[in-house]
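Bear in mind these aren't lab numbers, they're just calculated from the coordinates by the rules spelled out. All values derive from a computational prediction rather than experimental measurement. Cβ atoms come from the backbone with ideal geometry, glycine included; neighbour counts cover every protein chain shown.
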Amino acid sequence: MYDIDKIRGDFPILSREVNGKPLVYLDNGASAQKPQVVIDAVTRGYAEEYANVHRGLHFLSNLATEKYEAVRGITARFLGAKDEDEIVFTSGTTEGINLVSYAWAAPRLEAGDEIILSVAEHHANIVPWHFLRERQGVVLKWVDLTSEDEIDPQAVLDAITPKTKLIALTHMSNVLGTVVDVKSVVDGAREKGVPVLVDGSQASVHMPVNVDEIGADFYAITGHKLYGPSGSGAIHIKKSRMAEMRPFLGGGDMIRDVGRDVVTYNDPPMKFEAGTPGIVQQIGMGAALEYMMGLGMEKVAAHERRLRDYARDRLNGLNWLNVQGKSSGKGAIFSFTLEGAAHAHDISTVLDKKGVAVRAGHHCAQPLMDHLGVTATCRASFGLYNTEAEVDALVDALELCHELFA
Ligand code: PLP
């Protein structure tokens, strides 16, 4: 049973008011709110268990290291990875993808080599590849969406040429909620010897993910969308790919020995984690992932499917609202514009006055905005604590927008 009242009670911020109205938080795609267990883990981490990790032989350093390293196993379990040494901690997906760009792709890709991307990627899965285009002459090949606004795995595979060195694809669009069948891409790409990086920032929040089953070479997640602290995250990297990677950031922890003329590196995953990490942030992410596993990701996904269906029916009932994206296989993320002149920012300002928090803008997905023929949208993105009553609150606030701007 999915006890939504109890779950909402786990998130202290949800009981506050905004502009004199109960908060309706529908900006989960940008960042999610934190349950008390995460807040407690962070507080305890600083109040009772804090010291630097991997360094000292004193009690607190050992305790902090134990707590911090335990998160590697929790993250592996959350992602369905058998080997926790394939989990590299990052500050979020952006760092995870940049790690792959600098440490794996940059040393091996040459001018004319190709990276396949979809137009639905977040800038975090575009700009690190643009760096390689600018600096090394790598060619970016773009896969368009189908007429249903989906990414067809076959279209991705059809774009492969002998020059293709990597496919970098989102698992779920942060703008449309469209879910991509990344397993079919990975299966097809493997036959052609092409590695695949999956941006799991959104999918990992809303559905069970098993990276071993998907089989991607790289799978990146970000803690703050997973109800954990900002500055936390991880990337699952297959051991065989880790062996091909040179270090990214240099400094403490990632080395074995440093001399005047020589340096040797730690074994992965430590080889890719330089300097003092986000100790308490990662411990908080561990608490968040345990919380989600405690609820059950299947149950979370079922709850969000119900919300999606309800929201879709209600939003489609507003004939002056342009809901973007035709895909039916999607998560509970809705982007829309209002017929007439109202800008997305104006709509979000009016919604905010009603206590409804949504995002407005290009959502760090400008190639997708181009595809949709808009410069900005409003986005309502739902999470595991949202309710059908909150969908109603959104619709009521949108009706007010319509009255004001029509
Ligand atoms: N990829 C997608 C699909 C996202 O939605 C986001 C965050 O908005 C990112 C990547 C970047 O994540 P972060 O900013 O946490 O590194």
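A compact table of results
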{"quantity": "Angstrom value of the Kirkwood radius, inverse mean 1/r, which spans all Cα pairs in the chain", "calculated": "22.1"}
{"quantity": "Distance between modelled label sites at residue 43 and residue 142, nm, 7 Å Cα→Cβ extension", "calculated": "4.8"}
{"quantity": "Residue among 348, 240, 184 with the largest mean-square fluctuation in a Gaussian network model of the chain, springs linking Cα atoms under 10 Å", "calculated": "240"}
{"quantity": "DSSP-defined beta bridges in the chain - what % are antiparallel, rounded to 5", "calculated": "60"}
{"quantity": "Rg(Cα) / (2.2 N^0.38 Å) computed for segment 131-250, rounded to two decimals", "calculated": "1.10"}
{"quantity": "Candidates 374, 280, 196: whichever shows maximal mean-square fluctuation once the chain is modelled as a Gaussian network with Cα springs under 10 Å", "calculated": "374"}
{"quantity": "Ordering of 151-162, 93-104 by packing [mean C-beta count within 10 Å, highest first]", "calculated": "93-104, 151-162"}
{"quantity": "Entries of 34/183; 192/238; 192/330; 67/238; 183/330; 6/330 with Cα pairs more than 20 Å apart", "calculated": "34/183; 192/330; 67/238; 6/330"}
{"quantity": "Inter-label distance, nm, simple model (7 Å from Cα along the C-beta direction), residue 263/residue 127", "calculated": "2.5"}
{"quantity": "Within segment 291-367, chymotrypsin sites (Phe, Trp or Tyr not before Pro) in DSSP loop having at most 14 other beta-carbon neighbours inside 10 Å", "calculated": "320"}
{"quantity": "Whole-Å distance, taken between Cα centres, linking segment 124-154 and segment 81-120", "calculated": "14"}
{"quantity": "Residue 370 versus residue 110: modelled label distance in nm, points set 7 Å from Cα along the beta carbon direction", "calculated": "2.9"}
{"quantity": "Diffusion constant of segment 293-406 at 4 °C, which comes from Stokes-Einstein with the Kirkwood Cα-pair radius and 1.567 mPa s, µm²/s", "calculated": "89"}
{"quantity": "Choice from 356, 258, 139 with maximal GNM fluctuation in the chain (Cα, 10 Å cutoff)", "calculated": "258"}
{"quantity": "For segment 69-208: Kirkwood Rh in Å [reciprocal of mean 1/r, alpha carbons]", "calculated": "15.7"}
{"quantity": "Hz values of 3J(HN,Hα) by residue in segment 104-114 - Karplus curve (6.51, -1.76, 1.60), Gly and Pro given as x", "calculated": "9, 6, 4, x, 10, 8, 10, 3, x, 5, 10"}
